[in-house]
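Derivation of every value follows stated rules applied to the coordinates shown; laboratory data play no part. Here the structure is a predicted model, which means the values were calculated and not measured. No Cβ is skipped: glycine too gets one built from the backbone with ideal geometry, and neighbour counts run over all protein chains shown.
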Amino acid sequence: MAQSSGAVSRRRVFVSGHQLAIPLIVGLIALLSAVGMVAGGASATSDLSLSSAPSSGGEVIVAGEAFGYTVTVRNSGPDDATGVLVSSDLSIPEGVSISSFAVSGGEYDQKTGVWTVGSLPAGEVESLTIELSVASSVPPGGAIFYSGKVTGEGTDLNPEDDEATWQSAVTTDADVEVIVTSSSPGGELEDRYLYTVAIRNHGPSDARNVWFKDLIPAAIWLNGARYRDEATGDEGEWIGFLDLGDLAPGEARTTIVYGDPCPAALDQSSSRVTITVWWTDALDQACNSEVASCRVDILD
């Protein structure tokens, strides 16, 4: 018998003796949905792209300063994109951590590094901004490495721009100040104070391997000189230089050098002391060791 026009075709399937009527049109709709077909019968096509760049702190990562970067996903069309995901991998050295993040759309999972964008209409852009906290103690040379990839449902016209990577090295920058003053006798020290050296690190990074020396001739000392570190209480024979170790931002160390000067050895040049401080600063390799030379009168 001929089938009337407009009737829905059905087929019958027998399962355990029962008949099941399955409309072919339902199966066709499910198939079209599974393969990402859009209205008009064409497959959904879009051009997703991913980019990433520093957003704060510049290109240089300085220990003790904040550093941020932005991840941007764009859909250049022609169709809307669905199921958009950005998977990120962030490799950071010890002392660096994520302090905050913000997304313009979707949800970001800090633990997995997955940013679920969801639907992204043609011509639209979404961004993820991440701020990093970099401890002042992070040593120079440590690298921060980012890699990310965007995926979505349907066909991507240009998959070559679906990935983004960058790498930056951590450097250090310490602003060390030295102040040298003459001192008067007093306290439990019987000898005369000759001079006091105050060294302070203004940051933002730790000042590493700090040490200082003076240029006083050995002949000035009648019976030798001694020093006292006011921070640690350490005392000992003064041999012309002292290793202070690392100084954190805001940390100060004061050292007193005292002794019994020999009057016969004193002249105009030796009545003044020059103190020079060295430390390690990776930001400026040309002059990262010498802070300053300070000269003060040490005798009336």
* Order by neighbour count: F241, F212, fewest other Cβ atoms within 10 Å first, most last. => F241, F212
* Under a point spin-label approximation (7 Å from Cα along Cα-to-Cβ), what is the Q167-T181 distance to one decimal in nm? -> 5.0
* **Residues R226, R208, sorted so that the one with the fewest Cβ neighbours within 10 Å comes first** => R226, R208
* Stokes-Einstein D in µm²/s, Kirkwood radius over Cα pairs - the range 45-171 at 37 °C with 0.692 mPa s viscosity -> 219
* Asked: Quick one: of the DSSP bridges fully inside the range 45-171, what percent are antiparallel, nearest 5?
  -> 90
* Asked: What list of ³J(HN,Hα) values in whole Hz, one per residue of the range 71-86 in order, does the Karplus curve 6.51 cos²θ - 1.76 cosθ + 1.60 (θ = phi - 60°) give from phi, with Gly and Pro shown as x?
  -> 10, 10, 10, 10, 10, 8, x, x, 9, 5, 9, 10, x, 6, 10, 10
* Asked: Among 148-159, 195-206, what's the highest-first ranking by average C-beta atoms within 10 angstrom per residue?
  -> 195-206, 148-159
* **Burial order of peptide ranges 249-258, 101-110 (average beta-carbon count within 10 Å, highest first)** => 249-258, 101-110
* In whole Hz, what ³J(HN,Hα) sequence does the range 234-240 give by Karplus (6.51, -1.76, 1.60; θ = phi - 60°), x for Gly and Pro? -> 5, 10, x, 6, 7, 10, x
